[in-house]
Amino acid sequence: MAERMRFPLRLELRGAPSKTMTYLSPVIAIVATLFLGALLFLALGKDPLAGLKVFLVDPFNGKRAISELLLKSVPLILCALGLAVCFRASIWNIGAEGQFTVGALCSGAMLVWLDVPGHGISGGMGLVLMIVAGIIGGALWAAITAYLRDQFNANEILVSLMLTYVAQLLLMWAVNGPLKDPNGMNFPQSKVFSSEFMLPMLMSGTRLHIGFAVAIVAAILMAIFMMRSLRGFSLMVGGVAPHAARYAGFSARSALWVSLLISGAFAGLAGAFEIAGPIGQLLPSVSPGYGFAAIIVAFIGRLHPVGAILGGLIMSLLYLGGELAQSRLGLPSAITGVFQGMLLFLLLACDTLIDYRLAWKKKV
């Protein structure tokens, strides 16, 4: 009987995690994604170079294109900031999409209540109230996951994920019911909010709003909090080593609650910025999946707040590239999700090389 062919390489455990691969892994995953993307374009009968140009070059073609790239990165960066805190604390919050949706819903409800003739409130104060409503809404939605995990040891992955669908149903109910625009020709949407309640623009002639500056400042502040503060250190220790944290006086329960509330607050803020920014009203779907994509963003950025900025820009590039591929190459809308999925799985595969190395099998 012929000897069965075996793969000549094997995975060998490293003595210590590789710092080089920690930062090189996202680069390899991105390059591999582009290579497989080129093969995908070829399989679809499209010019691979033209396809890659649409994804990598066209989103930088002019002031307006760059502003759209930065605009789409805002919700991705904000959601990834909160998720990075959770993941570092070993709290697997998969429900940023639901927290984003509830944040947008609460902010929209606040603006519907304020944006009436003779409201007697300034646009600036209205924006503050809208932002606070979004933050509180997102945090409270995340608090449901924290409570069920704390009191009943429920799996936070399943709970946070299932709550996402509940949040989407709540939004659908609201735009078909109490928040529905009476003059909207029976479409499931709220009224278009007045310009005084819209976020100020950063670049004239574009849709890029002040939320991008807020996201950058938030990333810097979160980096200081996580890397330079005792509270941030206790969150990571409380999640990774509960017994060691308890010995040091840190609370694993506190790590659970604080990390989820921070994550929910950032996702809710992202939702508030979305409905007071590019959308300008409540719609049945306020997100094309920003909360889920932010999971990839957080890992591309190595769970570091500043890294989330780079990860957000890369993911934003995929969103814009996917939209351009639809209009210019005639590809289906699913192309964006395909690229995101390839990037996620390749990143997970490359991350294996942080703790393992490839070695040749020894002949017996």
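The values are calculated or read from the model by the stated rules, or taken from the named source; none is laboratory data. Note that the structure is a prediction, hence the values are computed from the model and not measured. So basically every Cβ, Gly included, is an ideal-geometry build from the backbone, and we count neighbours across all protein chains shown. All accessible areas refer to the heavy atoms of the entire protein, side chains included, with ligands and DNA or RNA removed. Shrake-Rupley method; radii C 1.70, N 1.55, O 1.52, S 1.80 Å.
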Would you confirm whether any residue within region 115-124 is assigned to a helix (DSSP H, G or I), farther than 23 Å from I295 by Cα, among the small types (G, A, S) and over 24 Å from the mean Cα position of the chain (by Cα)?
yes
Does L179 satisfy being in contact with a helix residue (DSSP H, G or I) (Cβ under 8 Å, 6 or more places away or on another chain), touching a residue at least 12 places away in the same chain (Cβ under 8 Å), buried (at least 18 other Cβ atoms within 10 Å of the Cβ) and outside any helix (DSSP H, G or I)?
yes
Considering only region 224-244, how many residues are open to solvent by less than 40 Å² (accessible area, probe 1.4 Å), modelled with pLDDT of 85 or more and closer than 17 Å to L261 by Cα?
2
Yes/no for L353 being closer than 30 Å to D47 by Cβ and in a helix (DSSP H, G or I)
no
Criterion (without any contact (Cβ under 8 Å) to a residue 12 or more places away in the chain, under 30 Å from G301 (Cβ atoms) and among the aliphatic types (A, V, I, L, M)) met by exactly one of I210, I157, I220, I131
I210
Considering only region 250-348, give the helices (runs of 4 or more DSSP H) lying wholly within it that have at least 1 residues that are among the polar types (S, T, N, Q), in contact with a Leu (Cβ under 9 Å, 6 or more places away or on another chain) and open to solvent by less than 40 Å² (accessible area, probe 1.4 Å).
252-275, 305-329
Going through L129, L49, L140 one at a time, which residue ends up being in a helix (DSSP H, G or I), open to solvent by 40 Å² or more (accessible area, probe 1.4 Å) and modelled with pLDDT under 95?
L49
With surrounded by fewer than 19 Cβ atoms within 10 Å (Cβ to Cβ), closer than 19 Å to L320 by Cβ and either without any contact (Cβ under 8 Å) to a residue 60 or more places away in the chain or within 15 Å of the chain's Cα centre (by Cα) (or both) as the only criterion, which of L39, L71, L34 stands out?
L34
Close pairs from region 252-278: first farther than 10 Å from C86 by Cβ, partner in a loop (DSSP other than H, G, I, E, B) and open to solvent by 20 Å² or more (accessible area, probe 1.4 Å), Cβ under 8 Å, at least 6 apart
I275/Q281; A276/M198; G277/M198; G277/R207; P278/R207
Log entry, pairs with first residue in region 45-60 being touching a residue at least 12 places away in the same chain (Cβ under 8 Å) and within 22 Å of K72 (Cβ to Cβ), second being part of a helix (DSSP H, G or I) and β-branched (V, I, T), beta carbons closer than 7 Å, six or more apart or on different chains, reads none
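Here's the yes/no breakdown for (1) part of a loop (DSSP other than H, G, I, E, B); (2) surrounded by fewer than 18 Cβ atoms within 10 Å (Cβ to Cβ); (3) at pLDDT 95 or above:
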site	(1), (2), (3)
I144	no, no, yes
W173	no, yes, yes
M185	yes, yes, no
F212	no, no, yes
Restricting to region 87-110, and then to whatever is in a helix (DSSP H, G or I) and at pLDDT below 95, can you tell me which residue is nearest to R149 (Cα to Cα)?
F87
Out of curiosity, is Q168 at negative phi, within 18 Å of the chain's Cα centre (by Cα), surrounded by 15 or more Cβ atoms within 10 Å (Cβ to Cβ) and in contact (Cβ under 8 Å) with a residue 24 or more places away in the chain?
yes
